[in-house]
Amino acid sequence: MTADGPVVLDESVAIWAARLVAPARTVDAVEVAALRASVTADLPRVDAAARAWSQLGRDLPPTECRVIGRIGWVRANLTAMRGAFAPLGEKMRGNRVIASRVLGAQFGALLGLLSTKVLGQFVLPFGGPGGGQLVLVGPNLLDLAEEHGDLASDIRRTVLLHEITHRLQFDGTDWLGEHLQGLLERYLSAARIDPAALLEAAGKLPQAIAAVRASGSILPLVETVLTDEQVAVVDEAQGLMSLLEGHGNAAMFGGGDGVIERPGDVREALESRKGDATTRILTAIAGLELKRRQYREGESFVQTVLDERGVVGLNRAFAGPANLPTVAEVRDPHAWLARVADAS
């Protein structure tokens, strides 16, 4: 037990599982210092570019960013999610200690896998109030530099532009973070927790983690059977996440004038990394791996609205929950325009 109630997810086990999945990278202190210096130098102009393009959060304080390691990224997300799993605690029966360790191992392995792929993230505080934090994952950026040479600097600035846009989306509105947190709470409140299944899963965790490492897929760890209520929440969340992802992608390649020198080359390099960390975590919790088609639909939706109604028209989507596009409207932007942007 804790002061806030029973432990639903054992964070120490989560860190253990994440370390098993995420390979260690030997880093040079000079390299890390140079990377942090470059990020610090880039941040003000990338921040200004994101605000100018999106017209969101113009009165917010300057964006801050931390460069952290893979396990540091896992810790940041565990902290951000602390308290978010409370609805599951009310459903747990039997041996809560074993159940919390099983959930910790599952979620930790998921985060460990993602930590090897994620370049940057605006980490949202799903478990409680307060602003999020923008982080870049240093080892992955250094790997990127080895892979892409000089282009890596442009890729880093592009990722920064994308994540700052997410920061402006959430910190520039007074409802979006609470709305997203509400979706997660509704999803988890509708979950079925089978103690017997959790106990059985405990013995299979080593094999599941090995399968994750071998396949690069989260599916061995995500076996949730969705209830009807969860299906409805997932459908609602997909419309929102398509908007956020599409908006972030449009910012990357539409708002980088004077900041990104080779946007075409950057787009090609990032093509295999579709879907930012926030989207991947949310969809993984829901037992889904969103297809690239959905990311393309989100970007296509945003671009269509920008072409026809400009930034002011697009930003109607951030005016309140009722203005968010549905999944059907993401696929048919003109339906959303007729309902929201063109409404009197």
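The values are calculated or read from the model by the stated rules, or taken from the named source; none is laboratory data. This one's a predicted model, so the numbers in the text were calculated from it and none came from an experiment. All Cβ positions, even for glycine, are placed from backbone atoms using ideal geometry, and neighbour counts span all protein chains on display.
Checking the structure you have, find out if any residue of the stretch 37-44 is surrounded by 18 or more Cβ atoms within 10 Å (Cβ to Cβ) and touching a Cys at 6+ places or on another chain (Cβ under 8 Å). Write out each step before concluding.
Let us first name the residues in the stretch 37-44 that are surrounded by 18 or more Cβ atoms within 10 Å (Cβ to Cβ), namely 39, 43.
Then keep just the ones that are touching a Cys at 6+ places or on another chain (Cβ under 8 Å); that gives 39, 43.
Scanning the stretch 37-44 turns up at least one residue that is surrounded by 18 or more Cβ atoms within 10 Å (Cβ to Cβ) and touching a Cys at 6+ places or on another chain (Cβ under 8 Å).
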**Request:** Assess whether VAL97 counts as being among the β-branched types (Val, Ile, Thr), within 17 Å of the chain's Cα centre (by Cα) and not in a loop (DSSP other than H, G, I, E, B).
**Result:** no
**Asked** Scanning for something at pLDDT below 95, β-branched (Val, Ile, Thr) and closer than 30 Å to ALA37 by Cα, does the stretch 78-95 turn up at least one residue?
**Response** yes
**Request:** Starting from the stretch 109-121, keep only residues that are farther than 18 Å from ARG156 by Cβ, then list their pairs with residues that are in a helix (DSSP H, G or I) and of a type in the set (S, T, N, Q) whose Cβ atoms are within a distance under 9 Å, requiring at least 6 positions of separation or different chains.
**Result:** LEU111/ASN77; LEU114/ASN77
**Message:** Residue pairs, Cβ under 9 Å, 6 or more apart or interchain, first in the stretch 176-197 and over 13 Å from ALA84 (Cβ atoms), second in a helix (DSSP H, G or I) and modelled with pLDDT of 85 or more. List them.
**Reply:** LEU176/GLN169; LEU176/PHE170; LEU176/LEU240; LEU176/LEU244; LEU176/PHE318; LEU176/PRO321; HIS179/LEU240; HIS179/PRO321
**Message:** Here is a check on your reading of the model: is LEU141 touching a Ser or Thr at 6+ places or on another chain (Cβ under 7 Å) and surrounded by 18 or more Cβ atoms within 10 Å (Cβ to Cβ)?
**Reply:** no
